[in-house]
Amino acid sequence: MSKNSHLGHQAKKRFGQNFLHNDAIISQIVDAINPEPNENLIEIGPGLGALTEPVIERAGDISVVELDRDLAHRLRHHPFLAKHLTIYEQDALKFDFASLATDDKPLRIFGNLPYNISTPLIFHLLSFKDKVKDMHFMLQKEVVERMASGHNCKAFGRLSIMTQYQCQVMPVMEIGPEAFMPPPKVDSAIVRLIPHKTIKNPVKDLKALNHVCLTAFNQRRKTIRNSFKKLIPVEQLIALDLDPTLRPENLALDDYIKLANYITDNPVTDNPIST
């Protein structure tokens with residue numbers, strides 16, 4: 001049997017499919033999610049149901065978003081899972097997760113995310129944070145490290161800032177390639193994201209925060225004097241109590257909030273804020 005085949009399904013590279021098959025690891029992940037009955041549970045990329053089945057055993061009915069039509073078909077005809085599933089055969093990158101939330105049932109989202117789209121998918125999911133109770137994701141270990149990194153570290157960047165501004169980021173466990181079929185070429189990790197109910201130092205415009213992050217980390221080896229020269233005069237960096245000779249990873253989250261608020265109040269007309 002092909003090493004890329006698991007339970008009769010040929011893993012599709014274009015979907016970034018790597019299927020969990022280690023029962024002990026699966027049990028630990030489900031324990032971390034801690035699903036309970038009557039919760040609004042949404043799984044992204046249920047695949048062959050490795051997480052889906054034990055979650056349903058604990059929680060009952062759940063919703064799943066699955067792009068692969070072959071896997072969606074298997075789930076619709078599964079002898080145990082089918083009656084407990086609401087299946088959305090759609091691209092999670094385009095899916096309106098807010099449509100599944102209610103005032104009394106915020107979303108609990110989880111999944112083994114395709115590593116080839118994990119960063120844009122995280123940004124998409126963050127746009128629904130007001131409807132979300134928590135999120136648990138399997139990601140490439142390096143991505144989890146970037147999400148959780150503090151400043152003055154090489155891993156610190158746009159993903160760190162945008163995620164930490166909106167959520168509490170909690171690495172849960174690391175998982176080796178041998179837990180998957182086919183095994184990925186990287187280590188994996190589980191991360192828990194809990195959206196902040198209130199933000200102590202709110203930014204005036206989230207798009208502006210994203211824009212200063214993109215500007216800074218597009219050429220991260222430059223000093224901020226050079227990174228921001230089209231956005232913010234060096235004199236203004238000094239006025240904001242920022243050392244112009246620092247590099248982007250040396251600035252803390254609150255520093256980026258200051259920069260974002262400055263460009264919101266002092267827009268550069270020929271350099272519009274990116275979405």
Seminar exercise, completed: Matching label for the computed Rg and Dmax of the Cα atoms in Å, out of [x] 22.5, 92; [y] 20.6, 67; [z] 19.1, 68, is [y]
Problem set entry | Separation in nanometres of the label points that stand 7 Å from Cα toward Cβ, at residue 194 and residue 90 | 2.9
Exercise. Hull surface divided by four, with the convex hull built on the Cα atoms of the stretch 16-148: how many nm²?
Worked result: 7.7
Exercise. Which order results if 147, 170 are arranged by neighbouring Cβ count within 10 Å, fewest first?
Worked result: 170, 147
Seminar exercise, completed: Exposure proxy check on 110, 97, 156: fewest-to-most Cβ neighbours within 10 Å is 97, 156, 110
For this session: Determine ³J(HN,Hα), in whole Hz, for all residues of the stretch 215-227 in sequence, where each value follows from phi through the Karplus function 6.51 cos²θ - 1.76 cosθ + 1.60 and θ = phi - 60°; x replaces Gly and Pro.
Result: 5, 5, 8, 5, 9, 5, 7, 6, 6, 5, 4, 7, 4
Seminar exercise, completed: Cross-link reach from residue 141 to lysines, straight Cα distance under 25 Å and at least 8 residues apart if same chain, gives 3, 12, 13, 94, 129, 133, 154, 185
Exercise. Restricting the count to DSSP beta bridges whose residues both fall in the chain, what percent are antiparallel, rounded to a multiple of 5?
Worked result: 50
Problem set entry | Full-stretch length increase - residue 38, residue 99 - with 0.36 nm per residue and alpha-carbon distance subtracted | 20.2 nm
For this session: Rank the residues 241, 187 as a footprinting-exposure proxy: fewest other Cβ atoms within 10 Å of their Cβ go first.
Result: 241, 187
Exercise. Does the stretch 206-265 come out rounded, prolate or oblate, given a ≥ b ≥ c as the square roots of the eigenvalues of its C-alpha gyration tensor, rounded meaning a/c under 1.5 and, failing that, prolate meaning a/b above b/c?
Worked result: rounded
Seminar exercise, completed: The lysines whose Cα lies under 23 Å from the Cα of residue 230, excluding any fewer than 8 residues away in the same chain, are 204, 207, 222, 258
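All of the numbers you see were taken from the coordinates with simple rules; none came from a lab. Computed from a predicted model, the values in this text were never measured in an experiment. Positions of Cβ are generated from backbone atoms using ideal geometry, with glycine treated the same way; all protein chains shown enter the neighbour counts.
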